[in-house]
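Quick notes on the structure that follows.
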Amino acid sequence: MYLGKSQILKRIKEEALLIDYEEANIQGAGVDLRIEKLYEVVSGAFVGKENRKLPEIEEVEEFTLKPGRYYLCTTKEKLRMPLDLVAFIFPRSTIFRCGASLKTAVIDPGYKGALTIGIKNESEFEIRLEKGARIAQVVFSLVQGESEGYNGRYQGGKIR
């Protein structure tokens, strides 16, 4: 079961579920997310059973997605996930209509901070984004039963 607009607003006001949001971006069953920073992935990576080496990234000042390139972006909005909610990020339809795809993950109960989203220009043309543009939507779902809070390396909105 996803939270509707009234429950999202209630939890924002009572629990600070979202920080740095715009009330106009709260939709019927989710909240539109705005792009804050953009980073281009500039090296390879390794994901093993025990270890990992994340790719090097460089912050991009001009928000232009080059054809075929992969980027990471952060959101202006910050979440403070309670233990009874899990969240999912979906692209806004405008993004895929422009030729870009978003790569997202589950936002676990207990996570706090800005969100990092992968974005790839799948087209053969450049796509320009404006800082603060709405690119994704987050939806919230109830977790039944006991839950543990997120304790991973990205807590607090860390991008690497």
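Computed from the coordinates by the stated procedures, all read-outs in this text should not be read as laboratory data. Bear in mind that the values here come from a model prediction, so they are computed numbers and not experimental data. Here Cβ is always computed from backbone atoms with ideal geometry, including for glycine, and neighbour counts include all displayed protein chains.
Which lysines, if any, have their Cα less than 29 Å from the Cα of K37, not counting same-chain residues under 8 positions apart?
K37 reaches K5, K10, K13, K53, K66, K76, K78, K103, K112, K120, K131, K158.
What ranking, highest mean first, results for peptides 61-69, 41-49 when packing means the other Cβ atoms within 10 Å averaged over each residue?
Descending packing order for the listed peptides: 61-69, 41-49.
Let's see if you can work this out: charge +1 on each Lys and Arg Cβ, -1 on each Asp and Glu Cβ, no other charges. What is the dipole magnitude of the range 5-142 about its Cα centre, in debye to the nearest 20?
Its charge dipole is roughly 340 debye.
If I fit a long axis through the Cα atoms of helix 5-15 and take the longest principal axis of the Cα atoms of the chain, what angle between them do I get, 0 to 90°, rounded to 10?
80
Counting other beta carbons within 10 Å of each residue's own, what order do D108, D84 fall into, fewest first?
Ordered from fewest to most neighbouring Cβ atoms within 10 Å, D108, D84 come out as D84, D108.
Give me D for the chain in µm² s⁻¹, whole number, from Stokes-Einstein with Rh from the Kirkwood sum over alpha-carbon pairs, 4 °C and 1.567 mPa s.
Stokes-Einstein gives a translational diffusion coefficient of 79 µm²/s.
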